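All remarks here apply to the structure that follows.
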Amino acid sequence: LAYARSLAKTDELTGLLNRREINSLMDYEMIRAARNQHEFSIIMADIDFFKVINDTYGHLAGDQVLKDIARLIREHTREQDFVARWGGEEILLLLPETSAGEATELAGRLRQVIADHPFKDSGQCIHLTMTFGIACHVPGMTLNELMKKAYQASYMGKESGRNQVVIASA
């Protein structure tokens with residue numbers, strides 16, 4: 001039963017939270033933020049050129065990259081942070097009681113950790129990067145507005161060269 005509950009909340013490949021669970025946690029964080037008058041941030045992280053990895057090295061290598069990235073991100077986030085596989089090669093981080101500046105610092109560290117990590121496939125090193133879009137919740141903002149800002153920031157980072165951290169404008 002515990003295993004079934006775990007499967008209902010996690011992504012089978014990466015072991016990260018799944019989209020359904022992170023949505024539930026974001027709804028809860030919206031309520032907490034309103035009640036306690038504190039801010040929180042989200043980070044939308046996207047692997048740059050992930051399709052090239054799958055096309056060049058195969059889907060098994062792509063799966064291993066996703067597992068390794070999930071592990072690296074979990075190793076470099078706080079215990080109270082939530083990390084989920086949002087879809088495909090997108091990872092969503094929910095950072096309770098975290099300012100935009102603190103989220104930017106974290107994203108910068110994660111960007112560097114990923115860029116410096118030699119991902120391996122059959123003895124071959126695969127170097128990859130990620131782009132991070134950050135949005136900070138402000139009072140009165142809906143969850144849809146927050147997500148849209150994070151997506152827009154991530155998209156801006158992709159459009160302006162990838163391997164960067166972009167914070168959404170207020």
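Give the average over all directions of the projected area of the C-alpha convex hull of region 40-80, one decimal, in nm². The partial results should precede the final answer.
Numbers: hull surface 13.6 nm².
For the Cα atoms of region 40-80, the hull's average projected area reads 3.4 nm².
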Gain in length, TYR28 to VAL113, computed as 0.36 nm per residue apart minus the alpha-carbon separation, to one decimal in nm? 27.6 nm
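Compute the FRET efficiency between LYS158 and GLU105 as 1/(1 + (r/R0)^6), taking r as their Cβ-Cβ distance and R0 = 25 Å, and round to the nearest 0.05. Can you show the working numbers first?
Working: r = 21 Å, r/R0 = 0.84.
So, using R0 = 25 Å, E works out to roughly 0.75.
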Past 24 Å, Cα to Cα, is the threshold; run LYS67/LYS158; LYS9/LYS67; LYS51/LYS158; LYS9/LYS120 against it and keep the listed order. LYS9/LYS120
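Give the accessible surface of the chain per residue, rounded to a whole number of Å², with probe radius 1.4 Å and ligands, DNA and RNA excluded. Mind dumping the intermediate values first?
Numbers: 8900 Å² over 170 residues.
For the chain, the solvent-accessible area averages 52 Å² per residue.
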Show me, bin by bin at 10 Å from 0, the whole-percent P(r) of region 77-140 based on Cα pairs. 18, 46, 27, 8, 2, 0
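Can you list the equivalent-ellipsoid semi-axes of the chain, largest first and in whole Å, using the square root of 5 times each Cα gyration tensor eigenvalue?
Working: eigenvalues 143, 77, 33 Å².
The three semi-axes for the chain are 27, 20, 13 Å.
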Dipole moment magnitude, nearest 20 debye, region 106-170 about Cα centre, only Lys, Arg, Asp, Glu C-beta charged: 40
Rg in Å to one decimal, and Dmax rounded to a whole Å, for region 11-63 via C-alpha atoms: 16.4, 49
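Report in % the part of the accessible area of region 72-124 that belongs to carbon and sulfur, leaving out ligands and nucleic acids; probe 1.4 Å.
Reported share for carbon and sulfur atoms: 45 percent.
Only four residue types carry charge here, +1 at the Cβ of Lys and Arg and -1 at the Cβ of Asp and Glu. Report the dipole size of the chain about the Cα centre in Debye, rounded to the nearest 20. Numbers along the way, then the final one.
Numbers: 19 positive and 23 negative charges, 41 e Å.
With only Lys, Arg, Asp and Glu charged at Cβ, the dipole is about 200 debye.
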Stretched fully, the stretch from HIS38 through ARG78 gains (0.36 nm per residue minus C-alpha distance, one decimal, in nm) 12.6 nm
Subtracting the Cα-Cα distance of ASP63 and ARG19 from 0.36 nm times their residue separation yields 14.1 nm
Taking N as the number of residues in region 21-95, the ratio of its alpha carbon radius of gyration to 2.2 N^0.38 Å works out to 1.31
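The values are calculated or read from the model by the stated rules, or taken from the named source; none is laboratory data. These numbers were taken from a predicted model, which means no experiment stands behind them. Neighbour counts are summed over all protein chains in view; Cβ atoms, including those assigned to glycine, are modelled from backbone coordinates with ideal geometry. When the accessible area is computed, the model is the full protein with side chains, heavy atoms only, and any ligands, DNA or RNA have been set aside. Shrake-Rupley method; radii C 1.70, N 1.55, O 1.52, S 1.80 Å.
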